[in-house]
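Participant: Provided herewith is a single structure, encoded as structure tokens, for subsequent inquiry.
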């Protein structure tokens, strides 16, 4: 059962049984992959089947298996959702994966403007909302707590499987929760226990304009204007606070994650794609637009980032691809294989490793599950340290790449620019190994 290895990660899998099936199997695979919610499929090709003599086959071109259609919401549910948002004093939108559609991002901006609604990106897999928009209230990763969630009196959750951690965030009983997604119940999950008062089983791209129109009919312009002013004031204060936090790390050693993220932000341009497996802080390095940011899947599993960055470069060879990884993510990504693919296939990347010499997620999980336990009270976390730290910068040199280690925060901006120059002008891969600590 070859497909057993990846069955939990794909929408559909099939083993080709005979050559005559080929057209039907490929058509079915594409049909399943492109139907919403879109995802990968897997076909296994047994050696004995593909070794058979193939008789004359007629292929229907183009295939008559059209899947392009939009799912619209129930009109009554749509009006119910609009009423909840219009009557709320502190409505909040939470999303993780809306940004797979560039059009949907623009439609979400229109909705946020229409109701002056805060937007939070929860462990974002894509860029879901403009970071410089006054309605953008920031990010929340993993089991972290965002204060706006507990304060909200209405929640619109869009394409987000885990909008908050129930063990750490208490939603008031009177708060009504709207879930918008093609499958708002995430029915392929064994369990999904988030409150859902109003399900909108539809595509966000098709639903958001209708919801915006319904909301505008129910809201007062004066109320929206006052809320916009308050949100703009809060957004300005947040950005000043974030800047101050990053600048306080400008002379700290080991290098702080916030300072490192701020320095990396200086590398971004309109043709930059960022693949981030955990460490980059988007408050200090916000994506430049839809399709420019790819974060780790909520399915988990360290080691995704490097390979995904190679795929991004292969799909967009004219773009500059920057891959930010933790030291554990870099190790689990089989870096020797990835560096070889980068060299052999002429896919120059800039790899930035946040090397804190530890499994941060293990210690964070321990703190969350056992906040008063022995590990926390003694500050002793077994099997968390990865020391002594490897010389990652020397690994990339074995594949004709450029490698640097940075210990001094003052030297980081120049080191990053040198590495980026190697990628853009010399068309070679580069790695910057940052000695850092949260």
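Participant: Do we find a residue being in contact with a strand residue (DSSP E or B) (Cβ under 9 Å, 6 or more places away or on another chain), part of a helix (DSSP H, G or I) and either surrounded by 14 or more Cβ atoms within 10 Å (Cβ to Cβ) or not assigned by TED's automatic domain parsing to the domain that holds residue 128 (or both) anywhere in region 156-176?
Facilitator: Looking for residues that are in contact with a strand residue (DSSP E or B) (Cβ under 9 Å, 6 or more places away or on another chain), part of a helix (DSSP H, G or I) and either surrounded by 14 or more Cβ atoms within 10 Å (Cβ to Cβ) or not assigned by TED's automatic domain parsing to the domain that holds residue 128 (or both), one finds none in region 156-176, hence no.
Participant: Just to be sure I understand, how many residues within region 256-289 are buried (at least 19 other Cβ atoms within 10 Å of the Cβ), part of a loop (DSSP other than H, G, I, E, B) and either within 11 Å of the chain's Cα centre (by Cα) or at pLDDT 95 or above (or both)?
Facilitator: Of the residues in region 256-289, 10 are buried (at least 19 other Cβ atoms within 10 Å of the Cβ), part of a loop (DSSP other than H, G, I, E, B) and either within 11 Å of the chain's Cα centre (by Cα) or at pLDDT 95 or above (or both).
Participant: Applying the selection to region 213-233, what residues are surrounded by 15 or more Cβ atoms within 10 Å (Cβ to Cβ) and either free of Cβ contacts under 8 Å to residues at least 12 places away in the same chain or within 25 Å of the chain's Cα centre (by Cα) (or both)?
Facilitator: Selection gives 231 alone.
Participant: Could you grab me the full set of residues in region 292-303 that are surrounded by 18 or more Cβ atoms within 10 Å (Cβ to Cβ) and either touching a residue at least 60 places away in the same chain (Cβ under 8 Å) or more than 16 Å from residue 324 (Cα to Cα) (or both)?
Facilitator: 292, 293, 294, 295, 296
Participant: Looking only at region 309-325, decide whether some residue is over 21 Å from residue 99 (Cα atoms), buried (at least 24 other Cβ atoms within 10 Å of the Cβ) and either within 19 Å of the chain's Cα centre (by Cα) or outside the structural domain of residue 138 (by TED's automatic domain parsing) (or both).
Facilitator: Scanning region 309-325, I find at least one residue that is over 21 Å from residue 99 (Cα atoms), buried (at least 24 other Cβ atoms within 10 Å of the Cβ) and either within 19 Å of the chain's Cα centre (by Cα) or outside the structural domain of residue 138 (by TED's automatic domain parsing) (or both), so the answer is yes.
Participant: Could you give every pair whose Cβ atoms fall below 7 Å, whose first residue belongs to region 242-260 and is within 18 Å of residue 433 (Cα to Cα) and outside the structural domain of residue 281 (by TED's automatic domain parsing), and whose second residue is assigned to a loop (DSSP other than H, G, I, E, B) and modelled with pLDDT of 95 or more, counting only separations of at least 6 or pairs across chains?
Facilitator: That search, which allows pairs on different chains as well, returns nothing.
Participant: Residue pairs, Cβ under 7 Å, 6 or more apart or interchain, first in region 60-81 and over 14 Å from residue 36 (Cα atoms), second in a loop (DSSP other than H, G, I, E, B). List them.
Facilitator: 73/202
Participant: For residue 179, indicate whether it is outside the structural domain of residue 299 (by TED's automatic domain parsing), under 24 Å from residue 114 (Cα atoms) and under 18 Å from the mean Cα position of the chain (by Cα). Write out each step before concluding.
Facilitator: Working: outside the structural domain of residue 299 (by TED's automatic domain parsing): yes; under 24 Å from residue 114 (Cα atoms): yes; under 18 Å from the mean Cα position of the chain (by Cα): no.
So residue 179 fails the test.
The values are calculated or read from the model by the stated rules, or taken from the named source; none is laboratory data. Computed from a predicted structure; not experimentally measured. With ideal geometry, Cβ positions are generated from the backbone for all residues, glycine too; neighbour counts draw on all protein chains shown.
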